[in-house]
Structures are given as C-alpha cells and as structure tokens.
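Shown next, in structure tokens, is the structure this report addresses.
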Amino acid sequence: MKKYNVIIAGAGLAGLSLAKELAGSGLSVLVIDRKKSAGEVRYYSSGTFMNVDESGIPGEFLHAIDKAVFCSKNISCTKNISGCYVIDRVKLYNWMESAALKDENIKIRYGCEVKSAGYRHGRITGISYLDHGRQVEAIADIYVDCTGTAAVLGRKAGLTPKKSVMALGVEHLVPLKDDLRTVFLYTGGNLGGGYGWVFPNSRQQAITGVGLIKPKLFHKINEIFAEMWNKRNISGICKHRSIAKNFAALRTGRPLGRFVKGNIMILGDSAHQASPLLGEGIRFILDASTEAAASIKQAFLSGDLKRIHTYGRAWRKKHYKNFKFLYFIQKIMKVVSMNDFIMDKGVRVLRCCNERQYRRVLSGDIDFGFLLFIAVDAWYQIKILKNRI
Ligand SMILES: Cc1cc2nc3c(=O)[nH]c(=O)nc-3n(C[C@H](O)[C@H](O)[C@H](O)COP(=O)(O)OP(=O)(O)OC[C@H]3O[C@@H](n4cnc5c(N)ncnc54)[C@H](O)[C@@H]3O)c2cc1C
C-alpha cells in the first residue's frame with residue numbers, strides 16, 4: 001500500500017489548481033481522476049470576472065469581453081463591461097497540470113476511480129480506487145475531495161450535504177458569424193425560470209447554454225434550450241448548427257461554513273464554492289485552492305496537521321456573506337424568474353445603472369443596500385426625470 005502526504009480525489013478545476021499550488025512544497029501528492037486526461041472537460045462554459053493579473057493565467061487562454069447584453073422576454077440592456085473573460089477551459093486545465101507535474105513529487109493518475117474510503121472517528125483511514133480495472137489501496141495524511149458533484153469523500157465525512165441543490169446545464173458549441181466580444185444573458189418564463197447564455201470564444205465559436213435549478217424541469221432541458229433560438233439577437237450572431245453538446249450538473253445551494261473535518265478537506269463544487277446565483281465557480285475555486293494549499297503547507301511545516309483547519313477562514317471572510325445573500329436571491333429567483341412582467345421591470349432597472357453598477361450586478365458582487373439603491377435610483381430616473389428607459 002502506497003503512502004502519500006496528500007491524496008487529491010478529482011482532477012477537475014479544483015484538483016488541478018490545488019496540485020499546481022502544492023508544486024514545489026516537497027510534499028508527496030497523488031491526484032486521481034476517472035477521466036482519461038486533464039483536458040477532457042465535461043463542458044466548455046467559462047465566463048468569469050476574475051482578476052486575471054492576480055491569477056497568473058496566461059493571456060492567450062483568455063477571450064476578453066467588452067460588452068454584455070442582458071435580455072428578459074421583451075426588453076434588453078446593453079452596456080460596456082470591463083474585467084470579464086471567457087477562459088479556454090481545456091488550455092487552462094492542461095496548463096495547471098503541466099505546472100503541477102514540474103514537481104516530481106506530484107503524481108497525477110487518470111482512469112482511476114475512487115470506489116470506497118475507510119472512515120473511522122471522523123477521519124479517512126485509506127481509499128480504494130480502480131486503476132484501469134485494477135484495485136489499488138492508498139493512504140495519506142490528508143485527503144482532499146475535489147470530485148465535484150460526486151463529493152465522494154465529503155459526503156462520507158458529512159461535510160457535503162447529501163441533498164444539495166443541484167443545477168443542470170446543457171450547452172451547445174456553435175459557429176459564430178463574426179468575431180465577437182459580447183456576452184448575451186437571457187431570462188424569461190420560457191427558459192423554465194433558469195437562464196441562458198452565449199459566450200463567444202477565441203476560436204470564432206460561441207458556447208450557448210441553459211442552466212436550470214428546478215429539478216422537476218430537468219427532463220425538459222432540451223426543449224427549454226430550443227427556446228434559446230427564438231431569443232433576440234441569437235440567430236444574428238451564431239449559426240444554428242451544434243458542433244458539440246454537453247450536459248453537466250453543479251452542486252449549489254446553501255453556502256457551507258465548514259470545509260475541513262479530521263484529515264479531510266473539501267474544495268470546489270463538493271464545497272458549494274460556485275456562486276449560488278450565477279454558477280460562476282472558476283474565480284472562487286481558484287481562490288479556495290490557494291487558501292487550501294497555504295494551510296496544507298503550513299500544517300506540514302509546523303508538524304501540526306490540525307492547522308489545515310485554517311483553510312476556509314480567509315475564503316469565508318471574503319465570500320461567505322456574499323454567497324449567503326446570493327443564495328437568498330436564488331430562492332427568490334426560483335419563484336419570480338418565471339414571471340416575464342417582473343423580469344422586464346428588472347431589466348429596466350439595469351438600463352438605469354451605470355457601467356460599474358451593471359458589472360456589479362452581473363458579477364454577483366451585490367448586497368441588499370446596493371440593490372435597494374439601484375432600484376430607487378431607477379424609479380427616480382423613470383418617474384421623476386421621466387427618462388424613457
Ligand atoms: C453547465 C455549467 C456551466 C458553468 N459555467 C461556468 C462559467 O461560465 N463560469 C464559471 O466560472 N463557472 C461555471 N460553472 C461552474 C464551474 O465550472 C464549476 O464550479 C467548476 O468547474 C467545478 O470544479 P470542480 O473541480 O469542483 O468539479 P469538476 O470540474 O466537476 O471536477 C470533478 C472531477 O472529479 C472527478 N471525479 C468525480 N468522481 C470521481 C471518483 N469517484 N473518482 C475519481 N474521480 C472522480 C471527475 O471526473 C472530475 O474530473 C459552470 C458549471 C456548469 C455545470
């Protein structure tokens with residue numbers, strides 16, 4: 001049986017970014033994933049408002065966006081936007097993998113599926129995984145669950161709720177008619193209370209998709225996606241021909257306050273670290289992996305493995321309050337987003353926003369006071385100044 005300092009289950013965004021952050025630490029790390037390679041992504045959608053200078057992600061993986069169009073059924077709002085990108089997921093994952101593999105103490109094994117884990121007194125005692133059909137046992141000082149919606153270790157330890165809110169997305173990669181730096185976002189009753197998106201990429205293609213959070217509509221997702229072709233602008237910008245089609249789920253819902261128990265850490269979708277309202281996960285998960293790596297290194301350096309508990313403190317400080325508010329809005333949106341009259345009113349408010357406020361709404365960087373302010377300001381502009389917005 002092989003022993004490691006750290007075993008990371010899952011080599012998606014969370015697992016690979018954590019492995020990259022641990023490179024050079026001198027720790028022996030095993031990363032296992034059931035997929036065949038780093039670049040085998042389940043879907044391509046990857047719009048983000050992350051601070052790319054801080055992230056260090058090479059510019060050639062980023063397609064900069066300069067305009068965002070937000071549409072309800074009858075109204076649309078178009079404004080310039082800054083600091084928004086569509087990332088090439090495949091290139092990002094491959095880049096993170098090669099950065100991790102520069103450290104010979106880090107091993108990444110694909111085609112390996114975690115099948116079971118021993119669990120006693122709040123600690124994982126070892127895992128068993130299938131390596132191309134061969135059963136292998138491994139143990140580690142610390143186990144990190146980066147298996148996304150599966151949350152194989154997080155659920156076992158009771159860190160990831162058994163019943164998270166699940167969101168389901170379908171996306172189609174379609175050819176773009178022109179080179180485009182505009183993202184389109186759609187809401188409306190005929191999108192089943194979910195939302196649609198069109199993200200252009202640098203290969204003259206667009207990722208068009210729909211995300212739903214009402215489980216009773218999941219079986220209708222293809223029909224609901226078909227509604228996207230009736231939406232304004234779409235047929236003008238993309239060709240109605242699917243190059244690739246992907247389905248994917250996301251664990252969302254109530255933000256978690258605890259990411260560590262015993263020798264187990266959860267990171268990424270298994271820790272509900274994607275925005276509860278918008279599903280944007282890349283920015284927050286990269287941030288979480290930096291915090292997680294720092295706590296792991298500190299724990300080994302000090303010889304006190306309990307120090308991994310410091311992971312999450314900084315992340316919670318930065319994002320917990322915002323996620324809690326977005327979760328509250330998510331619950332409201334589940335009810336009101338089917339109502340086109342209310343959604344049209346919402347877009348009218350967006351039209352009254354300046355570019356900075358518009359960016360704040362789209363990136364989810366909002367709180368109650370801010371929403372109240374832009375609503376009152378819009379009312380003032382429309383009723384008092386009689387602007388025809
Ligand atoms: C449809 C959709 C669109 C999205 N769009 C955006 C967007 O535009 N912008 C954005 O920022 N975020 C977006 N997100 C969210 C973001 O992509 C996710 O939050 C993020 O990718 C999650 O990363 P992760 O590593 O936690 O999980 P995953 O990427 O799901 O990785 C989990 C890995 O674990 C592996 N695994 C699972 N079970 C096992 C097992 N038993 N044994 C071994 N390996 C296992 C899987 O093969 C997978 O590679 C979107 C999500 C969805 C579903």
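The values are calculated or read from the model by the stated rules, or taken from the named source; none is laboratory data. Since we're looking at a predicted model, the values are computed, not measured. Glycine also receives a Cβ, built like all others from the backbone with ideal geometry; neighbour counts cover every protein chain displayed. Protein only, heavy atoms only, side chains kept; ligands, DNA and RNA dropped before computing areas. Shrake-Rupley method; radii C 1.70, N 1.55, O 1.52, S 1.80 Å.
So that you can scan it fast, the table gives a plain yes or no per residue for (1) part of a helix (DSSP H, G or I); (2) open to solvent by 40 Å² or more (accessible area, probe 1.4 Å); (3) not charged (D, E, K, R):
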site	(1), (2), (3)
Lys3	no, yes, no
Ile8	no, no, yes
Ala19	yes, no, yes
Leu27	no, no, yes
Asp53	yes, yes, no
Ile65	no, no, yes
Ala68	no, no, yes
Lys91	yes, yes, no
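Of the residues Asn322, Asn354, the single one that is over 22 Å from the mean Cα position of the chain (by Cα) and either among the polar types (S, T, N, Q) or away from the ligand (no atom under 12 Å from the Cβ) (or both) is Asn354. For Lys261, are the conditions met, namely being open to solvent by 40 Å² or more (accessible area, probe 1.4 Å) and out of contact with any strand residue (DSSP E or B) (no Cβ under 7 Å at 6 or more places or on another chain)? Yes, satisfied. If I filter region 226-243 for residues that are on the phi > 0 side of the Ramachandran plot, touching a residue at least 60 places away in the same chain (Cβ under 8 Å), surrounded by fewer than 16 Cβ atoms within 10 Å (Cβ to Cβ) and touching a strand residue (DSSP E or B) at 6+ places or on another chain (Cβ under 7 Å), do I get at least one hit? Yes, region 226-243 contains at least one residue that is on the phi > 0 side of the Ramachandran plot, touching a residue at least 60 places away in the same chain (Cβ under 8 Å), surrounded by fewer than 16 Cβ atoms within 10 Å (Cβ to Cβ) and touching a strand residue (DSSP E or B) at 6+ places or on another chain (Cβ under 7 Å). Scan region 70-89 for residues that are open to solvent by less than 20 Å² (accessible area, probe 1.4 Å) and at pLDDT 95 or above and the total you get is 5.
When Phe300 is tested against (1) more than 9 Å from the ligand (Cβ to nearest atom); (2) touching a Gly at 6+ places or on another chain (Cβ under 6 Å); (3) among the hydrophobic types (A, V, I, L, M, F, W, C), only condition (2) is not met.
Give me the residue from region 359-380 that is in contact (Cβ under 8 Å) with a residue 40 or more places away in the chain and not in a loop (DSSP other than H, G, I, E, B) and, out of that set, farthest from the chain's Cα centre (by Cα). Applying the filter and picking the extreme gives Phe368.
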